[in-house]
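Below is one structure, written out as structure tokens; comments come after it.
The values are calculated or read from the model by the stated rules, or taken from the named source; none is laboratory data. Just so we're clear, the structure is a prediction, and the values are computed from it rather than from any experiment. Here the Cβ positions follow ideal geometry from the backbone for every residue, glycine too, while neighbour counts run over all protein chains shown.
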Amino acid sequence: MLTREMVEKALPANLKSAATQALTDQVNNLSADPIVAEHIRENFLSYSRVLQEGKFKTEDYLHAVAYVSFKHMGYSNQEAYFRTFPQRYAALLAKGTSGKDIAAYVAAFHRGKLVNLIMEQSLVPIWIVNQETYQKAINTQVEIMEDNTLSAVARTAAANSILTHLAKPKEMAGTLNLVVPESSGMNEMRAMLNELARNQRELIQQGVSPREIANQRLIDVTPVHVSDE
């Protein structure tokens, strides 16, 4: 259950005064289903940043959050609308409002700015939503590729599909160039190493063992005694 303090913290500075106990109770009691109510409460806190993008009423925001929450649960536009506004729906039916008019009211609400701002905040990349299906498709292609009873064409097509979808991502165009320009010191070092390699090849041809060559010093650091004059 949300507290008034939690609601106040979630709202932007210009709407904190609207964080009353009445609003808190309204959020907590929006659905009799405890699981649905919890889902709506979490979304109420998560998407409150959209209130900074326009002059919206907190009650309108709550209704939009509830509508989007029902949409994410798999309900159609009309079902989500009716669950968000049960009293409004009952009043429309009592007046004998036509199905066409009700559909128009639902469409107008669905296309409203506040609903769409919340929709944008709640969107999850399609490849994440369908990860399980993606893996099943890959597994199916693997089965086809490894099935020796199938034609070579079918197995090759499956293999190509796997290679395409599991290919290593291409490098981004904005990749930083970390190549260090060569200096004169690096050129001298390369020349020295080339000369060292040439000398080692000559020693091997003369019969010197690779172990002896590996133990050679690159630089002679034997101390040299300098006499005082």
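Quick notes on this structure:
- Flag if residue 83 is under 22 Å from residue 113 (Cβ atoms), in a helix (DSSP H, G or I) and without any contact (Cβ under 8 Å) to a residue 12 or more places away in the chain: no
- Sole exception among (1) touching a Pro at 6+ places or on another chain (Cβ under 7 Å); (2) crowded, with 19+ Cβ neighbours inside 10 Å for residue 52, by number: (2)
- Within the range 38-79, the set of residues being farther than 24 Å from residue 10 by Cα and in contact (Cβ under 8 Å) with a residue 12 or more places away in the chain comprises 77, 78.
- The residues of the range 17-62 that are in contact with a Lys or Arg (Cβ under 7 Å, 6 or more places away or on another chain) and among the aliphatic types (A, V, I, L, M), listed by number, are 19, 27.
- Matching entry among 57, 9, 71 (being farther than 18 Å from residue 115 by Cβ, basic (Lys, Arg) and in contact with a helix residue (DSSP H, G or I) (Cβ under 9 Å, 6 or more places away or on another chain)): 9
- Checklist (1) touching a helix residue (DSSP H, G or I) at 6+ places or on another chain (Cβ under 6 Å); (2) assigned by TED's automatic domain parsing to the domain that holds residue 40 applied to residue 158, failing item: (2)
- Residue 93 falls short of the stated requirement of being closer than 28 Å to residue 55 by Cα, at pLDDT 85 or above and either surrounded by 10 or more Cβ atoms within 10 Å (Cβ to Cβ) or among the polar types (S, T, N, Q) (or both).
- Qualifying residue in the range 105-120 (condition: of a type in the set (Lys, Arg), surrounded by 12 or more Cβ atoms within 10 Å (Cβ to Cβ), closer than 21 Å to residue 47 by Cβ and at pLDDT 85 or above): yes
- Only listed residue being part of a loop (DSSP other than H, G, I, E, B) and under 30 Å from the mean Cα position of the chain (by Cα), chosen from 56, 70: 56
- Check on residue 47, surrounded by 12 or more Cβ atoms within 10 Å (Cβ to Cβ), within 27 Å of the chain's Cα centre (by Cα) and within 18 Å of residue 4 (Cα to Cα): yes
- Filter pass, residue 46 being in contact with a His (Cβ under 7 Å, 6 or more places away or on another chain) and assigned by TED's automatic domain parsing to the domain that holds residue 114: no
- For first residues located in the range 12-35 and part of a loop (DSSP other than H, G, I, E, B), partners that are among the aromatic types (Phe, Trp, Tyr) and lie 6+ apart or on another chain with Cβ distances below 9 Å form the pairs 30/44.
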